[in-house]
Structures are given as structure tokens and as C-alpha cells.
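These notes concern the structure reproduced below.
The values are calculated or read from the model by the stated rules, or taken from the named source; none is laboratory data. Quick caveat, the model's predicted, so the values are computed rather than measured. We place every Cβ from the backbone using ideal geometry, glycine too, and count neighbours over all the protein chains shown. Calculation scope for accessible area: heavy atoms of the full protein, side chains included, ligands and nucleic acids excluded. Shrake-Rupley method; radii C 1.70, N 1.55, O 1.52, S 1.80 Å.
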Amino acid sequence: MSRPAKIIIDLAAIQANCRLAQTLAPHSKTIAVVKADAYGHGAVEVAKALEAQIEMFAVSCLEEALVLRENALSKPILLLEGCFDKSELEIAADNQFELVVHNGLQLEQLLDTRFETPLNIWLKIDTGMHRLGVSLQQFESIYARLSASENVKNIVLMTHFAHADDVGGAYTLMQIGRLEKCMQPIVADASKKVQLSLANSAALLAWPQTRVEWNRPGIMLYGLSPFDEVIDQAKQLIPAMNFESQVIALRDISVGESVGYGCNWTAKRQSIIATIAVGYGDGYPRSAKSGTPVLINGHRAPLVGRVSMDLISVDVTDLQNVHIGDPAILWGKDLSANEVASWADSIGYELVTRMPKRAAITFLN
Ligand SMILES: *Cc1c(COP(=O)(O)O)cnc(C)c1O
């Protein structure tokens, strides 16, 4: 038998989550965001599972896009940060990747290069996130230069929301207002049919007015809600990453005895402690505090003491009949990575995305 820590990715859950996005936005096209190895879920396998269902993929960079192409994924691919230098442009053009242009330098590089076939460009406008995107003032002139270039086939305008998880909040309304205002001169020109892409998962789920031509769902595809509170639209999401291991030791601990490194948890009652074969070396967050729920035989029990590289300890005193070999679920369908993350000063996004390549990964169709 091998070390029991393992990751099981439910590809059917990812397909169902994507269908939910599409049901909410029946008039939009879907760009499945599979950057960062599909948020740690395996980009190639996830992309293969979604390919028939979506119009396009989005990744962060050229390398991530090439991995998809090398694995026979033929749908269009958008590079969300565009090209980092001129040498990347040629490779992107050879592969017909679609490019975000978010600043003046990328614009100049694009206009300076000669391509055999023009490219589709996604012009990113900074409406308030203030990381990437051309400014509201620059927008019109940059749009005009792109429109005039022989290198450019189609232009889609995009922006990214900073606080769409604040349902009904003023900041998203302000961003939408700024976008509408800066687009006015273009929209007024009836010869131009403007296409837009606005929504990430939070916007798609909670802001119907952002469900425009192209949506960009990421985290929801993996079954994690982007909201802190429970919202109806997110209730049907099915977490796709199941992170599991087993009980490999059990011991009785007397009052006053401590468990784990640093002796920072001490038994206040006669306790039964289960040792689970999983630790920060497998991606379980070291910052998880005593009390973080772990499912042992399907029942919640609290983590106690420090998380080690290979092991954690769980107080199973209140559970009946725990044995060596019993299953332990760190997160999955019945325990969201978001909930675990809340005990570790993190978010579900981070936990699933930063899994090391240690625990064996299996894909279920
Ligand atoms: C990552 C990313 C997304 C997806 O965001 P989620 O919150 O995971 O849905 C959408 N758009 C852009 C520009 C991104 O970088």
C-alpha cells in the first residue's frame, strides 16, 4: 500500500458547475479560466473535460497556453496578461492565441510587429481594480489605434471587478458606470459592434447586468463559492477537489499532555487523538488552527496542535469506533476548502491552487 494522502478531481462536477454558469447566463459565451493549472485541478484534464461545453479558455501566460495546445486542445485561448515581451508575440501569433492588451507598451509591441494573420485583441480597461488595464483617459486613442492596425482582427473590451463578491455593493456599480461612460463614443458609432467581457465568477453569480457577450468564470468551475456568505446562486456548486487521507495511528492522551510540535495544544480531558497522514508537504495549510474541521468517517472532528510536514492530529474523542485505516477528508464535497481556509487566514482559491505535486492525483470522469 502507498501513502494514503491523495487528491481526487471530479471532472463531472466541473462540467456541472460550468453548466450552472451557462444556465445563469444563457446569452453569454463562456471563457473557462484554467490558469495556474486550473486552480490546481490539472489544466489539461480540466480543459479536456470542458472543451465541448465552452467557447474559449483563458490562462495567464504563453507557457500555460502552449501546454494546452501541446495536449491537443484546439479551442481559442486567451492570455489574460497578454505577452510579456516581443519575443512572445511571434509564438502567440503562430498559435493564434488571443491577447489581452493592458498597457501602452504592449500596444506598441503589437503595432510594431508584422503578423501573417491578424490577432484577436482583448483591450483591458482599468475601471477601478488598479492593477492592469489602460486608463479611462487613454482608452479612446488606444482603441482607435488598435482598430486601425492590420495586426488586429477583432477587439473585445474587458474589465475586471475588484469587489463583485460584495453583492449589490457600490464599488461594482461605480466600475460599471465608468466603463459605460468611457465606451460612449464608441457605442455611439453604429458602424462598430462592441463586444464586452466583464464577469468573473462572483459577478456572473450575483450581478446579472455583467453577464454580457463573454463571461470569464474561474473559481466557480471548481465548485468553490467566491462569497463569504451563502448566496442562492452558489448553492448548487459542487467542490471538485477531494483531498483525502487516512488515520494511521490512534492514542489515548491524558489530561495535561500535549500533542505535536511546540506543545501548543494540551488535553483538557482524557482524549483520543487520531494521527492522519497528511501535512503541509501535501498542501494542507500549516496556518490551520486548532479547531479546523476534518471529516473522519464522514463526521467532523477538530484538528489539534500544529500541522506538521507529513502529519496532522485530530481529536476524535467524541466519535465512536475510529480505527486505523479509516478515511479522513481534509476538504471536498462535504467540507468546503473555503471553510478550512477560514481557519487558516486564507481563501479556498489559495488552498486548491498551491497544492504541491506530492499526493497522488486521480481524475474521475
Ligand atoms: C482569474 C481571472 C478570472 C476568474 O476569476 P474567478 O474569481 O476565479 O472567477 C476572470 N478574469 C480575469 C481577468 C482573471 O484574471
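Projected area of the chain, taken from the Cα convex hull and averaged over every viewing direction, in nm²?
On the way: hull surface 81.1 nm².
Average of the hull's projected areas for the chain equals 20.3 nm².
Here region 11-228 exposes an accessible surface that is 51 percent carbon and sulfur, computed with a 1.4 Å probe and the other protein chains kept in place. Dipole magnitude for region 241-364: about 200 debye, using +1 per Lys or Arg Cβ and -1 per Asp or Glu Cβ, origin at the Cα centre. Dipole size of the chain about its Cα centre, with +1 on Lys/Arg Cβ and -1 on Asp/Glu Cβ: approximately 380 debye, rounded to the nearest 20.
If you build the Cα gyration tensor of region 85-212 and take the root of 5 times each eigenvalue, what three semi-axes come out, in whole angstrom, biggest first?
27, 16, 13
Equivalent ellipsoid of region 11-228: semi-axes from √(5λ) of the C-alpha gyration tensor, largest first, are 26, 23, 14 Å. Our note on the geometry: Cα centres of region 110-134 and region 148-192, 14 Å apart. Take every DSSP beta bridge whose two residues both sit in the chain; close to 50 percent of them are antiparallel. Calculated accessible area for the chain comes out at 45 Å² per residue, all protein chains present (probe 1.4 Å; ligands, DNA, RNA ignored).
Are there any helices in the chain, counted as whole DSSP H runs, that stretch 24 Å or more along their axis by Cα and score at least -1.0 on average by Kyte-Doolittle, and if so which?
Working: long enough: 170-188 (26 Å, 0.41).
For the chain, where a helix must reach 24 Å along its axis and average at least -1.0, the hits are 170-188.
For the chain, the 222 nm mean residue ellipticity estimated from helices alone, with every DSSP H stretch of n ≥ 4 adding -39500 (n - 2.57) and the total spread over all residues, rounds to -8500 deg cm²/dmol.
Tally up the carbon and sulfur contribution to the accessible surface of region 241-364 as a whole percent, 1.4 Å probe, everything protein left in place. Please list the in-between numbers first.
Values: 3120 of 5920 Å².
Of the solvent-accessible surface of region 241-364, carbon and sulfur hold 53 percent.
Here the contact order of region 11-228, divided by its residue count and restricted to Cα pairs under 8 Å and six or more residues apart, works out to 21 percent.
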